[in-house]
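No value in this document is a laboratory result; all are computed from the given coordinates. Everything numeric in this text was worked out from a predicted model, so none of it was measured. Heads up, the Cβs are rebuilt from the backbone with ideal geometry, glycines too, and the neighbour counts pull from every protein chain shown.
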Amino acid sequence: MITLTVNGQAHQVDVDPDTPLLYVLRNDLALNGAKFGCGLGQCGACTVLIDDKPVCSCLMPVSALGARRVRTLEGLHADGRPGPLPAAFEAEQAAQCGYCIAGMIVRAQALLEHNPRPTEEEVRNHLAPNLCRCGTHMRILRAVRRAAEAMGGGVRDVAEQP
Amino acid sequence: MSAPRNPLGRRAFVANALVVTFALSRGALAQDTARKLPPSLAKAPQLDSWIRVGADGRITVFTGKAELGQGIRTALTQIAAHELPVPPAQIDLITADTGRTPDEGVTAGSHSMQDSGTAILNAAANVRALLTDAAAWRFAIAADQIEMRDGAAHTLDGRSVGYGELASALSLQVPARPDMPRRQGGKAVIGQKLPRLDIPAKVTGGPAYVQDMRLPSMLHARVVRGPSDGTKLKPVDIAVVEKMPGVVKVVREGAFLAVVADQEWRAIKALHRLQAAGWERATPPLAASDLRETIRQLPAEEMPIFDYPGPPAPADARTIRARYSRPHLMHASIGPSCAVAQWADDGLTVWTHSQGVYPLRKSLADLLKLEPDKIRCIHVEGSGCYGHNGADDVAADAALAARAVPGKPVRLQWMREQEHGWEPLGSAMVVELAAELDGDRIAAWRHEVWSNTHSTRPSTAGGLLAGREMDPPFAAPKPRPIPMPEGGGARNGNPIYALPNARGVFHFVEQMPVRVSALRGLGAQMNVFAIESFMDELALAAEADPVAFRLAWLKDERAREVVQRATERFGWSKRGAGGDGSGMGFGFARYKNLASYCAVAMEVRVDQDTGEIHVPRVVAAVDSGEAVAPDGIRNQIEGGIVQSLSWTTREAVGFDRTHRTSFDWSAYPILRFPAAPGRVEVEVIDRPRQPFLGAGEAAQGPAAAALGNAVAHAVGVRLRDMPLSPERVRAALRPVPAAPSQAAG
Amino acid sequence: MRLAVGIALVCAALVAAAVAFAWHPEIDKISPPLAVSFDRSLVAQGQDLARLGNCAGCHTSEPSKPLAGGRPLETPFGKVFVSNITPHADHGIGTWSRAAFGRAMRRGILRDGTHLYPAFPYEHFTHATDDQLDALYAWLMTRRPIANQVPATKLAGLYGFRPLVAGWNLLYLEQGPLERDRSKSDEWNRGRVLVEGLGHCGGCHTPRNRFGAEDKARAYDGAWTEGWYAPPLNAHSPAVQPWTAQELHTYLRTGLAPHHAAAAGPMGGVTRALSQVPDEDVRAISTYVASLMADAPARRQEPPQPVDRLAVAQQQHPEAAALYAGSCALCHEPGAPMMQQGRPRLAWGTPLHEDNSHDTVRIIMKGLASPAGAAGPTMPAYADLLDDRQVQEIAAYLRTRFTDKPAWSDVQAAVAEARK
């Protein structure tokens, strides 16, 4: 049995120790946020926060977690209501198929917790590990901007280079 | 004459009389009706195929189309909510399900709003008329004294009755009547920004995809194949894998191989163990690493696309020629295809994100030797598919795996490299254009396009990968071209410009070096890129502004408006001479010359050292007829622009002699955030009461062309072969040295 | 009295000689030349040479400010700030004439006569031909001028006294072109000019003495650069499979050697640059470098079977075996997609066979990134996924499983270094 802490709750799961966290989250804990996109750490659809850092859960054997704290999309609520990022994505209608969105929200969460006033370039570079195939990039950026403002910060524009 | 004694009284008599009247006239009306009804309704004319009203007033609306992430769940709900009318929250929309919904073929070709939207609009108008009549009868007043509002019938003097109660005295098992008047006045739902119904679950972790399904006792499976289309696994000893912990079954039928396990990771480990056996090429080697030349050279059937009359060009006209091309492209869905299948005594259920549940059912029936009515295919959303990807194949894989463990639901998902390796690609294409320029007038125009088929969507077992792995294998169906006016490789090959003496020929290449099928836009992306690039090249030769040059040939008023709105908003008049690395370009098309109109203006900056293209600004205008969900249209156009930028600036599926080398995101990179445009603005032109036109594929061609034209403006060199990758841009910009290189000394 | 005067005169003469030796005149400023004044072909040749020399590798700190410098290079003598070599009139080299540029490249002297520290490898660039310098100059002067005032380099103590560099030059700078070796092919000679000249491979691959100069007696014996170990490129190469010219050519062009591994660390940037230069230059470099490794063990014997001591490794490092299975096997085990594509086994990679674990540890923690938009070998970074102990365990496991070399003793230190 392996113990892990997800969204503030401890769980015990009966899985092979080399099972990547992604499959445990989805199949054993019935959490839909993190998704299988590639299983190779290349697309970010499985992004979760481990001790506040964004990582690909498809690369993380669950036995290696130890006491580290895992947070998923489902853990980004505030008092039972969607947190600023999920709310902003909803308000901006920032999704087409939406498959990449959970990963985007979690990765953006890590940025805004660490840097409440990033520049536009910093946001883009920070989100670079996450792929979107539908081309929802512009709305995702608007949603992050909106969430940053809701969280008391904001996204700074940097003047274009001549 | 007094009414016969009837225990139910006068009401029932009249209601029965109505039903009888309908029944009697049905036969006579039916043929007439079928001719005048929109196509989807004509195939399923009964109202209750589309709309049912529950006793509690909840409305169930059925559509044969599927939500692909393009927002039609919400848009169709809006249509029904608007026309009935009921609050949208009172509607449950059931999407493609062979057990419950009409057969609307495949959700593709930007047809959903046109076909299903129009059918639901009409059906809802029919239902409202019946409910109005029922209310009029009940209140004993004229129908025009009734206001239908918020799911209830209201009289002027304040009486009301809900639809639920009204409907219980009514049968909707009646055929739709064509040309029912639309609702007039009252609060609009069509044209409003109704928040998408599927987004809340997607941003909070609610179940939203077939990949999220969890059924009791569900097992996990993986299919085992070589790395890509054209390869096969070497013979493998399955005994070792059968003994791996958690492995329930290794399914082997002919060349089909799958493993079923109690946990997903165990299925993956077993998969890797089986794949360690190695693979080999199953068909003759591929000729090259980029197959567009191969396709251009293969035997082809000549099919005329269009022929516009006009006098021959004068002898002193200038001839201008250009050749454009694109490589094979990948759908590259973010979530690899997935299906859940379960065999029970009474048949097989498959939960699938296939775009066509009915054709899939037919193919599965063929494969599994079952009667179609023993198979139910239920659409559950997958990740964006952008056409025919692995969805149908994985459904068959899941069905075969599940057959080995009857009673248990089996979830089978493709791995990333399986999706990359086996999905049918968008065909490589070559377009050769020639025109005669008489001063600044186009006096002749020739368009020739070479392509494989743009659809191998399965309707028989031979169209499924698993079908071809059976022993004996089902024959792959002969590829066919899609006829015009829709077209496949010829799609949008017929220019919307009113050109004289213009002819187009489609060279349909039947032989497919690699597996191909429908990719969003089909041939339109290539044809529009070619035509719009060529118009720019002609404009340059004629020393005319590219937009003004086009407008001279554009007669369609709605087309002209879209062009004008986009270019004005963009500030096209400020376009300078270019050539210093910054440029502005424009592209326009009406998708299929039947669907949405879309114009795209784009600003680019080309880094002449690295060949990277930056896109600071894009402005687009779109006319989709009556805009049911304007923000949804905007979303689709923005997305189509960005997706097209990815295709056009960096994508090309790679091959070597034996297999696809584009096996994952590292080998087939797509656009990431740092390369996304600086700003994208989309203006949606609403045309109230005009037919709904699909917007999902309208932007790809114009955006690709706008990019190519902007790059040409920026660097003074015309690139005609997609992708306009950094390598190709650098190569195009590299000056030819006057003397052999002395650089290395 | 006369003796005192005599001694004073001799001292004065010596000082004068030293001053004369260490002092260099300022070369007059020029107006920044117009880009159009340079022949486009020449500029294109210069671009190739800039890639061969990988100027951007040091001189570009931020991708949006190419060649604008600013990065501090850590040297044993202190931080040396990399110059802005854009043609900016005030912050860069916009006012440098061709002669000033040539003097800097060949002798390490700035336009105003100051010495550059040999952190700038002019002891290699001195071998560049006039044609090469013409082309490079043309290319540099046609770049985008970027305002970026680079901090002044101030080394501590005596090292801060720049004229001392003249002494260093006296000892270690061999100016001028390389003599052709007539016993070798044209391609070999061409390669030698590129490698010993602009390519400055020895700058990373040759160990240095205590004055920071390359130890010519131990040329290509392997050395350290920014935490990465550049392995030996001579008879001491630890590679298990031979580095033939063919293999080197593939590696340098694509960043992936079929019988070795993917380019990691600074070699990522080098191979990306070399993927864009004329093929014959890369062939020449490969021929030359392969000749340096002609006596390496891998060239002198049959390639061995790949080592895979799975049972031993599992037994000695059970925790790492589970980590490997969940984190690494998904790409690296035989049935994994990357391996189905014919990528090299871990057992072939040089990092696992080096005497130190630093490269292995860094690759695990930092991964390999292909540049945005381009296809190429990719590996995720594991620094945020695994803690220090877990990385150490995996590194030890890999060494045990895929080599038959003794265990490393420096893994803990390597991980701590990589964390910095």
Order of B:Glu469, A:Glu121, C:Glu123, C:Glu174 from fewest to most other C-beta atoms within 10 Å? C:Glu174, A:Glu121, B:Glu469, C:Glu123
Whole-Å distance, taken between Cα centres, linking segment B:125-195 and segment C:91-154: 83
Compactness of chain A as Cα Rg over 2.2 N^0.38 Å, two decimals: 1.04
Amide H proximity to B:Asp97 below 5 Å, modelled H, separation 5+ or other chain, gives B:His379
Karplus couplings for segment C:9-19 from phi (6.51 cos²θ - 1.76 cosθ + 1.60, θ = phi - 60°), rounded to Hz, Gly and Pro as x? 5, 5, 4, 4, 5, 4, 4, 4, 5, 4, 4
Let me check the size of chain C from its C-alpha atoms; what are the radius of gyration and Dmax in Å? 23.9, 91
Summing +1 per Lys or Arg and -1 per Asp or Glu among the other residues with Cβ less than 11 Å from C:Thr360's Cβ gives -1
Once amide H atoms are placed 1.01 Å from N in the peptide plane, what residues at a sequence separation of 5 or more from B:Met429, or on another chain, have their amide H within under 5 Å of its amide H? B:Arg326
Can you report the principal axis dimensions of segment C:279-318 using only the alpha carbons, biggest first, rounded to whole angstrom? 48, 23, 13
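Write down the Kirkwood hydrodynamic radius of segment B:136-232, to one decimal in angstroms, obtained as one divided by the mean of 1/r over all alpha carbon pairs. Intermediate results must be reported in sequence, preceding the final value.
Working: mean 1/r = 0.0506 Å⁻¹.
Here the Kirkwood hydrodynamic radius works out to 19.8 Å.
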Where the centroid of each part is defined by its Cα atoms, how far is segment B:511-548 from segment C:284-316 in Å? 51
Over segment A:2-76, how many percent of alpha carbon pairs lie in each 5 Å bin up to the one with the longest distance? 3, 18, 33, 30, 14, 2
Could you please tell me the mean projected area of the C-alpha convex hull for segment B:514-633, averaged over all directions and given in square nanometres to one decimal? 10.0
Extreme residue, positive dipole direction of segment A:2-76, given options A:Gln9, A:Val24, A:Gly41 (C-beta unit charges): A:Gly41
Would you list, by chain and number, the lysines whose Cα falls below 20 Å from the Cα of B:Lys193, excluding same-chain residues fewer than 8 positions away? B:Lys202
Projected area averaged over all directions for the convex hull of the alpha carbon atoms of segment B:32-174, nm², comes out at 8.6
Rounded to whole Hz and in sequence order, give me ³J(HN,Hα) for segment A:45-57 from the Karplus expression 6.51 cos²θ - 1.76 cosθ + 1.60, θ = phi - 60°, writing x for Gly and Pro. 5, 9, 4, 9, 9, 10, 6, 6, 9, x, 9, 8, 6
Sequence-distant lysines (8 or more away, or on other chains) whose Cα lies within less than 16 Å of B:Lys65: B:Lys43
Can you compute the radius of gyration and Dmax for segment C:268-359, using only the Cα atoms, both in Å? 17.3, 50
Report the relative contact order of segment C:186-300, percent, no decimals, based on alpha-carbon pairs under 8 angstrom and at least 6 residues apart. 32
Once every DSSP H run of n ≥ 4 in the protein assembly as shown is given -39500 (n - 2.57) and the sum is divided by its residues, what mean residue ellipticity at 222 nm do you get, rounded to the nearest 500 deg cm²/dmol? -10000 deg cm²/dmol
Inverse of mean 1/r across different Cα pairs in segment C:17-172, Kirkwood, Å: 16.0
10 Å-binned pair-distance histogram of segment C:186-300 (Cα, whole percent): 15, 48, 33, 3
Per-residue HN-Hα couplings for segment B:703-710, Karplus 6.51 cos²θ - 1.76 cosθ + 1.60 at θ = phi - 60°, whole Hz, x for Gly and Pro? 5, 4, 5, 4, 5, x, 5, 5
Going by amide H atoms built from the backbone, whose H comes under 5 Å of the H on B:Gly694, apart from near neighbours? B:Gln114, B:Ser596
Going from the alpha-carbon gyration tensor of the protein assembly as shown, what semi-axes, largest first and in whole Å, does one get by taking the root of 5 times each eigenvalue? 61, 37, 29
Quick check: residue separation of C:Trp224 and C:Thr244 times 0.36 nm, minus the Cα distance between them. What number comes out in nm? 4.8 nm
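Test of understanding: express the Cα radius of gyration of segment C:266-420 as a ratio to 2.2 N^0.38 Å, with N the residue count.
In units of the globular-protein estimate, segment C:266-420 measures up at 1.13.
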On each of the three principal axes of the Cα atoms of segment A:77-150, give max minus min coordinate, whole Å, ordered largest first. 32, 25, 16
Any idea how far the Cα center of segment C:1-72 sits from the one of segment B:374-416, in Å? 67
Those lysines that a straight Cα-Cα span of less than 24 Å connects to C:Lys420, excepting residues fewer than 8 apart in one chain: A:Lys53, C:Lys79, C:Lys154, C:Lys366
Return, for the Cα atoms of segment C:103-205, the radius of gyration and Dmax in Å, separated by a comma. 15.8, 49
Percent of beta bridges antiparallel (DSSP, the protein assembly as shown, rounded to nearest 5): 80
Between B:Ala282 and B:Ala42, how high is the FRET efficiency from 1/(1 + (r/R0)^6) when r is the Cβ-Cβ distance and R₀ = 25 Å? Nearest 0.05. 0.05
Once the mean of 1/r over all distinct C-alpha pairs in chain B is inverted, the Kirkwood radius in Å reads 27.9
Net charge of Cβ neighbours under 10 Å - reference B:Pro726; Lys, Arg +1; Asp, Glu -1: -1
Neighbours of B:Glu681 by Cβ distance under 13 Å: Lys/Arg at +1, Asp/Glu at -1, summed charge +3
